[in-house]
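The values are calculated or read from the model by the stated rules, or taken from the named source; none is laboratory data. Computed from a prediction, not measured in an experiment: that's the story for all the values here. A quick note on method: Cβ atoms are made from the backbone with ideal geometry, for glycine too, and the neighbour counts reach across all protein chains shown.
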Amino acid sequence: MAVALQLGARAHCSGVTRDSWSSLAFSSSFRSRLGLESSVRLVCGKRERSGGRRGGLKVRCQRAVSAVVEKDEVVREGADGNAAQLSIVMKFGGSSVASADRMKEVADLILSFPEERPVIVLSAMGKTTNNLMLAGEKAVCCGVSNVSDLEELRFTKELHLQTVNELGIERSIISGLLDELEQLLKGIAMMKELTPRTRDYLVSFGECMSTRIFAAYLNKIGTKARQYDAFDIGFITTDDFTNADILEATYPAIAKRLHGDWINDPAIPIVTGFLGKGWKTCAVTTLGRGGSDLTATTIGKALGLREVQVWKDVDGVLTCDPNIYPNAKPVPHLTFEEAAELAYFGAQVLHPQSMRPARESDIPVRVKNSYNPQAPGTVITKARDMSEAILTSIVLKSNITMLDIVSTRMLGQYGFLAKVFSIFEDLGISVDCVATSEVSISLTLDPSKLWSRELVQQESELDHLVEELEKIAVVHLLQHRSIISLIGNVQRSSLILEKAFNILRKNKVNVQMISQGASKVNISLVVHDSEAKQCVRALHLAFFEDGFLSEVGETDLFQNDSAALSSSC
Ligand SMILES: Nc1ncnc2c1ncn2[C@@H]1O[C@H](COP(=O)(O)OP(=O)(O)O)[C@@H](O)[C@H]1O
Ligand SMILES: N[C@@H](CC(=O)OP(=O)(O)O)C(=O)O
């Protein structure tokens, strides 16, 4: 049996002060190493609580929490000899659960793997998150009496009520939430204000409804399922509304809850993706757009599961965004590093942070197509055979702001770089790509950190940034730029660059900045927005369709270019 340890108020859990009591469950082997025999309350951080049977036992909360996470011994062992363990995570994105028919297909798909005992993570139905955000924005200025007529609210209501009807389940499953949603929009209309905190609460209705509907449907067709709101089962995050980070305390908390319930009364867990609970505010937070992927890998790590599957509407991670170039092809294997880089540099298919828990616990992530389950998809693992790998995928991130900063030589080189980056730190603005020479820096700003802020505020922040930088440098602000990231085997960078520049020259495109990440899987080129899509298409054609790989001879394949560029990303 697992033992619950109470972590005291204001204890430090992996560097995080917690205001509330929380509990952890330890496996029998970990417990015996701590010398525990039965249920105990432990000292956490500076404040001591009562000991166990072996009174006086003191364990630092931080050490205890990280030991649980590092040793991957969270309650899984507790079920020795009991029900079979939960085995995988299956995450279905909005496109996979966009309608009643899609929900039925997803249910069939899950049941077609009877040997698995999955944890299901769901996103909001279709474009519900976008609709809720838009409804919120319109509510700010539409007046309370007009809220009920907002197109996006009507659409959201209709979609969910129609789905419930078509699936033959009780309306009451969601009617309370729909009423609450309308009340919330009226509140926004009354206040004429939509704060990031309210925005997160508003969009959370999407996942809260989709999971309730799906769990009810599974139960209706005779498959026992249990719905969970992530913010109620231990997804503890920072209070950065709209872009919160998951805190370490989440892992043992959700493992205890999901595993404990499964052992007591097995039922397929259906968990809301994308959502968490701020550790200070206790308010609902969201993990950034597409955050359900991160929910899935977090659960995979917490429960030490065999695999995380993310089901999308494409045949896996593709060689480029199919919206830019429909001829994109599936990539069979990726490393965590490649997938993270790809996501960070703009491939919408995966959440940028989602690879972290999977990499930390070395759990394979499989990207599959719920519309075409037979397709092999993409498997993402720690390592893969790179001997024949050259270019894996091309990623485009548009509408980037670039800064050219040239020193006025008031400071030496060392002081110059330090001063420039301290200005960014002070203003809380992240940088994406950097290229430096002795007296100048070119860099691009990470828009994801600015996305959550109001446009007007962004502009004034940029003005303020330039003002500060102009105290030590001549600054050129260049907007409407795009980063084209070439993800692949950067050990072959000379070959990739030779080919890429050849193509760009033929297309009369001038590259404005070039940068290679320390990760060694990504070379980034900055071009003007107006040329970017055409560049991606031309590069895709050249690298993936014109027999480039067969042109590259044996000698070439095993030769290591290893030409590291001087800058980093
Ligand atoms: N390199 C890429 N590979 C696959 N899909 C991509 C890529 N870049 C962009 N996409 C887009 O990502 C979409 C899938 O991601 P997402 O919208 O998050 O799916 P879901 O909502 O099902 O989780 C695809 O429909 C595709 O348009
Ligand atoms: N519904 C959220 C979270 C999410 O992950 O969605 P999807 O899996 O459909 O990308 C969003 O739209 O951002």
*Residue ID - nearest to ligand 2 (Cβ to nearest atom), chosen from residues in the range 279-302 that are of a type outside the set (D, E, K, R) and more than 18 Å from the chain's Cα centre (by Cα)*: Ala283
*Which one of Pro322, Pro330 is without any contact (Cβ under 8 Å) to a residue 12 or more places away in the chain, within 10 Å of ligand 1 (Cβ to nearest atom) and surrounded by fewer than 20 Cβ atoms within 10 Å (Cβ to Cβ)?*
Pro322
*How many residues does the range 238-255 contain that are in a helix (DSSP H, G or I) and without any contact (Cβ under 8 Å) to a residue 60 or more places away in the chain?*
2
*Do we find a residue being in contact with a helix residue (DSSP H, G or I) (Cβ under 8 Å, 6 or more places away or on another chain), modelled with pLDDT of 95 or more, of a type in the set (Ser, Thr, Tyr) and within 24 Å of Trp262 (Cα to Cα) anywhere in the range 184-202?*
no
*Would you be able to say whether some residue in the range 326-342 is within 14 Å of ligand 2 (Cβ to nearest atom) and not basic (Lys, Arg)?*
no
*Given the residues Thr335, Thr281, which is the only one that is touching a residue at least 24 places away in the same chain (Cβ under 8 Å) and away from ligand 1 (no atom under 16 Å from the Cβ)?*
Thr281
*Considering only residues of the range 257-278 that are of a type in the set (A, V, I, L, M) and surrounded by fewer than 21 Cβ atoms within 10 Å (Cβ to Cβ), which is nearest to ligand 2 (Cβ to nearest atom)?*
Ala267
*Within the range 359-415, count every residue that is surrounded by 15 or more Cβ atoms within 10 Å (Cβ to Cβ), out of contact with any Lys or Arg (no Cβ under 9 Å at 6 or more places or on another chain) and part of a helix (DSSP H, G or I).*
0
*At least 3 residues that are within 16 Å of ligand 1 (Cβ to nearest atom) and in contact (Cβ under 8 Å) with a residue 60 or more places away in the chain in each: list the helices (runs of 4 or more DSSP H) lying fully within the range 97-187 that qualify.*
100-111, 128-142
